[in-house]
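To start, the structure itself, in structure tokens.
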Amino acid sequence: QVQLVESGGGLVQAGGSLRLSCAGSGRTFSSYNMAWFHQAPGKERSFVAAISPSGARTYYGGSTKGRFTISRDNARSTAYLQMNNLEPEDTAVYYCAASYGVPGQTDPADYHYWGQGTQVTVSS
């Protein structure tokens, strides 16, 4: 089992950057696939990015358009989402999630553990 805590959200102007962090507890963090999802008001939770347990493989949803980068530091049990050139449409609560099994899954139902979320607001 792993517990996840996100941080790094906030208010930023369009064109700005934020780096989200997801700190995991437990000694098995390095065995999990990690992912980021976001959920805007009135919308479903949608896939942003995922990374394999070793960090060798990364996957991105279409909304990132090459602006976001997912990474992880297993020695620190932490996953990251670097977000550049932010747009107002990126405004949402961002959640990190962990799963075991096939890496790169995009359906929230495939993830077993979730953080509480961190709010990202991009002003125009």
Exercise. Is it true that some residue in segment 66-89 is open to solvent by less than 20 Å² (accessible area, probe 1.4 Å), over 14 Å from Gly117 (Cβ atoms) and among the acidic types (Asp, Glu)?
Worked result: no
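Residue-wise test of (1) in contact (Cβ under 8 Å) with a residue 24 or more places away in the chain; (2) in a loop (DSSP other than H, G, I, E, B); (3) exposed (fewer than 15 other Cβ atoms within 10 Å of the Cβ); (4) under 12 Å from the mean Cα position of the chain (by Cα).
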site: Phe47; (1), (2), (3), (4): yes, no, no, yes
site: Ala50; (1), (2), (3), (4): yes, no, no, yes
site: Ala56; (1), (2), (3), (4): no, yes, yes, no
site: Tyr59; (1), (2), (3), (4): yes, no, no, yes
site: Tyr95; (1), (2), (3), (4): yes, no, no, yes
site: Ala109; (1), (2), (3), (4): no, no, yes, no
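When the residues of segment 21-41 are filtered to those that are assigned to a loop (DSSP other than H, G, I, E, B) and modelled with pLDDT of 95 or more, which remaining residue is surrounded by the fewest Cβ atoms within 10 Å (Cβ to Cβ)?
The residue in question is Ala40.
The values are calculated or read from the model by the stated rules, or taken from the named source; none is laboratory data. Source: prediction; values computed, not measured. Quick reminder, even Gly has a Cβ in these numbers, built from the backbone with ideal geometry, and neighbours come from all protein chains shown. Surface accessibility is based on the protein's heavy atoms, side chains included, excluding ligands, DNA and RNA. Shrake-Rupley method; radii C 1.70, N 1.55, O 1.52, S 1.80 Å.
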